[in-house]
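Input: a single structure, listed below in structure tokens.
Read-outs: derived from the displayed coordinates by stated rules, not from any lab. Nothing here was measured: the structure is a model prediction, and the numbers come from that model. All Cβ positions, glycine included, derive from the backbone under ideal geometry; neighbour counts span all protein chains shown.
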């Protein structure tokens, strides 16, 4: 669970305001998200893929849906000279992020109603990350098209999205859909990106972790909100166990429920289907 947003393209309603209220969600779930072993797993996967690109030490990197800064905090420790920009819909998330990663720039931004300060970053990003964001967006193709405005031609985008079944907690925090290998490829290509890699990571222990969350149903949301000593102790113990087990996960298999994709923004005069022929493939992890 990460669940950052940059705009959902929904009509106002009491239901959408509840599931997309990330100022509230970060207050309720921020601690649980930061200690979530699944988040650690996917961040490690993205950073490893990024390192395989052998980027320039001072590249420009955008985190679309930077949440409360956990990814960029870890990324900055690994790549301290990179120029970092985090874009996040939630002002609460941005405030927390600025405290965590003072070296990065963070903006409160709805990509569909961009603030004036975002214009200076058009065509700026050489690399970008979108971790657990697209499942929250009504139209992920349009979202990625708008995000592409802030990327240079040929920029590399790393995407993670959930696969497998949806839990009650997923629905509560606004998941519209989960993805598979074919769907994430289709979305990226329709948005003008050439896909170089799609992985289904996490089998078998991430799948087991997800099945436990699904089995807990609506009670998990109540557990997290309660912040009871017993639940926090159980959560910390389970997180340590699964962090160890996740080291044994397969990074790609037909069965993994963590979808990870790497894509490149095509030049404006190049069809998306041809973009991968003009860019080197990332190093396999």
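Structure above, values below:
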{"read-out": "Equivalent ellipsoid dimensions for region 71-162 as semi-axes, Å, which come from the Cα gyration tensor, largest first", "value": "19, 16, 15"}
{"read-out": "Span from the region 123-173 Cα centroid across to the region 212-274 one, whole angstrom", "value": "15 Å"}
{"read-out": "Gyration tensor over alpha-carbon atoms, region 29-132, equivalent ellipsoid semi-axes in Å", "value": "20, 19, 12"}
{"read-out": "Residue order, fewest to most surrounding Cβ atoms within 10 angstrom, among 81, 53", "value": "81, 53"}
{"read-out": "Antiparallel DSSP beta bridges within region 14-276, as percent of all bridges there, nearest 5", "value": "50 percent"}
{"read-out": "Exposure proxy ranking, count of Cβ atoms within 10 Å, fewest first, for 233, 149", "value": "233, 149"}
{"read-out": "For region 135-176: Kirkwood Rh in Å [reciprocal of mean 1/r, alpha carbons]", "value": "12.2 Å"}
{"read-out": "Surface/4 of the Cα convex hull for region 14-276, nm²", "value": "13.5 nm²"}
{"read-out": "Backbone N under 19 Å from the residue 168 label point (7 Å along Cα→Cβ), restricted to region 187-219", "value": "209-219"}
